[in-house]
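**Student:** To start, I am sharing the structure in question, which I have written as structure tokens.
The values are calculated or read from the model by the stated rules, or taken from the named source; none is laboratory data. The model shown is predicted, which means the values in this text are computed figures rather than measured ones. As a convention, Cβ positions derive from the backbone with ideal geometry for all residues, glycine included, and neighbour counts pool all protein chains shown. Each accessible area value is taken on the protein alone, full model and side chains, heavy atoms only, with ligands, DNA and RNA left out. Shrake-Rupley method; radii C 1.70, N 1.55, O 1.52, S 1.80 Å.
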Amino acid sequence: HADIAMYRAKKLGRNNFQFYTPAMNEESMERVRIEGALRNALERNEFVLHYQPQVDLKSGRIVGMEALIRWKHPELGMVPPGRFIGIAEETGLIVQIGAWVMRTACAQNKAWQDAGLGKLRVAVNLSARQFGAADLIASLESVLQDTALDPACLEIELTESLFMSDIAPAVEILHRMKSLGVNLSIDDFGTGYSSLSYLSRFPIDVLKIDRSFVADITHDANDAAIVTSIIALAHNLKLAVIAEGVETAEQLDYLRSRGCDEMQGYFFSKPLPAAEFEALLRQHSALPAPAAAEPEPAL
Ligand code: C2E
Ligand code: MG
Ligand code: MG
Ligand code: MG
């Protein structure tokens with residue numbers, strides 16, 4: 001693979017050509033291909049956002065969506081985020097990619113609001129590298145200004161890993177983000193190793209229960225206990241709580257019976273391309289008033 005050798009050589013410096021033999025395992029080959037291709041993906045318009053509905057468990061209504069990036073590469077095919085976000089993170093490319101995600105998701109949500117599809121919230125994942133970038137606040141401000149999206153309609157998903165070190169600067173960044181009027185949530189809550197004490201000191205609005213806990217709530221008493229406790233913890237701290245990865249009616253019933261506020265998962269809908277999400281919204285808003293009715297699986 002001359003292209004890979006060239007790429008590596010370029011990376012190592014002009015006088016540092018290296019030969020790659022079959023000994024180089026497939027995984028690192030794939031990694032190199034992804035890393036190389038990732039550098040051009042933005043300018044080649046290869047990214048697209050899918051949107052997954054977030055449903056209020058009391059009303060059964062769609063109240064928001066999470067924007068999830070998808071990468072369609074002409075040769076590599078559809079590369080799932082699990083296979084490139086980490087590489088984008090290590091190379092720093094995530095800062096530009098993440099800025100594109102933020103701008104695209106906010107613009108799309110505003111367009112849906114302007115089309116009369118409801119004042120919904122859009123959740124955007126923020127990586128550690130973006131969180132640490134010097135221009136984070138300025139770049140958020142310019143997206144909000146350019147798209148004219150109400151900041152209250154933007155939710156930024158952070159992970160606990162952000163809080164493991166350098167607590168003081170993290171608090172300050174969070175307060176500056178909050179002062180823009182956006183909502184902050186903790187994604188994959190319960191899977192990180194940080195201390196719970198940050199919850200009382202940081203201006204967080206929402207906990208997202210990781211789907212690994214949700215998967216077995218109806219079969220595993222320990223997972224059920226963890227989920228019930230997270231819901232109680234959130235509410236005692238005056239935070240909202242959303243469960244991710246809800247796949248069955250039994251899980252939904254359980255979460256609702258424990259007072260979970262919102263849910264997101266395949267049971268209601270997979271992440272959808274923008275046009276399909278819009279169709280879902282149009283169909284959904286035509287549903288009869290939900291009152292105490294069960295949320296309807298829309299797909
Ligand atoms: P996440 O933020 O925790 O997103 C939820 C993931 O769970 C998504 O995977 C979603 O498709 C999947 N999911 C949703 N409902 C269900 C369900 O009922 N069952 C199962 N098995 N899975 C469900 P996806 O889209 O592959 O994204 C994986 C991760 O990649 C995300 O996890 C997030 O950490 C990261 N990611 C995605 N888009 C972005 C982005 O724009 N920026 C950054 N920094 N990270 C992103
Ligand atoms: Mg997320
Ligand atoms: Mg998550
Ligand atoms: Mg997760």
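**Student:** Could you pull the Rg and Dmax for the range 74-122, using just the Cα atoms, both in Å?
**Tutor:** For the range 74-122, the Cα-based Rg and Dmax read 14.5, 40 Å.
**Student:** Tell me the label-point distance for the pair Glu27, Asn236, using the 7 Å Cα-to-Cβ offset, in nm and rounded to one decimal.
**Tutor:** 4.1
**Student:** At what distance in angstrom do the alpha carbon centres of the range 75-101 and the range 117-155 lie from each other?
**Tutor:** Taking the Cα centre of the range 117-155 as reference, the centre of the range 75-101 is 18 Å away.
**Student:** Also: Lys270 to Met78: extension gain in nm, 0.36 nm per residue of separation minus the Cα-Cα distance? Before the final figure, lay out each step's value.
**Tutor:** Numbers: separation 192, 0.36 × 192 = 69.12 nm, distance 1.62 nm.
Separation in residues times 0.36 nm, less the Cα-Cα distance, equals 67.5 nm.
**Student:** Same structure, new question: Mind telling me which of Gly245, Gly77, Gly36 comes out most flexible in a GNM of the chain, alpha-carbon contacts under 10 Å?
**Tutor:** The residue that fluctuates most here is Gly77.
**Student:** Grab the Cα-Cα distance for Thr191 and Leu42, subtract it from 0.36 nm times how many residues apart they are, and report the gain in nm with one decimal. It would help to have the intermediate numbers written out before the result.
**Tutor:** Details: separation 149, 0.36 × 149 = 53.64 nm, distance 3.06 nm.
In short, 50.6 nm is gained.
**Student:** Can you give the calculated 222 nm mean residue ellipticity of the chain, where each DSSP H run of n ≥ 4 adds -39,500 (n - 2.57) and the sum is split over every residue, rounded to the nearest 500 deg cm²/dmol? Let's see the in-between values first.
**Tutor:** Numbers: 12 runs with 132 residues, N = 299.
The helix contribution divided over the chain gives -13500 deg cm²/dmol.
**Student:** Mind ordering 125-133, 44-52 by average Cβ neighbours within 10 Å, highest first?
**Tutor:** Details: 125-133: 19.0, 44-52: 17.0.
My ranking of the peptides, most packed first, is 125-133, 44-52.
**Student:** Another question, if that's okay. How much of the accessible area of the chain, probe 1.4 Å, is carbon plus sulfur, in whole percent?
**Tutor:** On the way: 7880 of 14790 Å².
Summing carbon and sulfur atoms, their accessible area is 53 percent of the total for the chain.
**Student:** Here's another thing I want to ask about it. Projecting each Cα onto the charge dipole of the chain (Lys/Arg +1, Asp/Glu -1 at the beta carbon, about the Cα centre), which of Leu68, Leu38, Val214 comes out farthest on the positive side?
**Tutor:** Working it through, the farthest residue towards the positive pole turns out to be Leu38.
**Student:** Select from the chain the helices, each a whole stretch of DSSP H, whose alpha-carbon atoms run 30 Å or more along the helix axis and whose Kyte-Doolittle mean is at least -1.0; answer none if there are none. Intermediate results must be reported in sequence, preceding the final value.
**Tutor:** Working: long enough: none.
Both cut-offs are met by no helix.
**Student:** Working from the pairwise distances between different alpha carbons, so that the mean of 1/r is found and then inverted, what is the chain's Kirkwood radius in Å?
**Tutor:** Values: mean 1/r = 0.0481 Å⁻¹.
Kirkwood hydrodynamic radius for the chain: 20.8 Å.
**Student:** Same structure again: Using the heavy atoms of the protein chains and a 1.4 angstrom probe, tell me the accessible area per residue for the chain in square angstrom.
**Tutor:** Details: 14790 Å² over 299 residues.
Here the residues of the chain average 49 Å² of exposed surface.
**Student:** Quote the FRET efficiency, to the nearest 0.05, computed for Asp216 versus Arg70 with a Förster distance R0 of 30 Å and r equal to the Cβ-Cβ distance. List each step's numbers first, then the result.
**Tutor:** Numbers: r = 28 Å, r/R0 = 0.93.
The computed FRET efficiency comes out at 0.60.
**Student:** For Gln283 and Ala168, FRET efficiency with R0 = 51 Å and r from the beta-carbon atoms, rounded to 0.05?
**Tutor:** Working: r = 48 Å, r/R0 = 0.94.
FRET efficiency, Ala168 to Gln283: 0.60.
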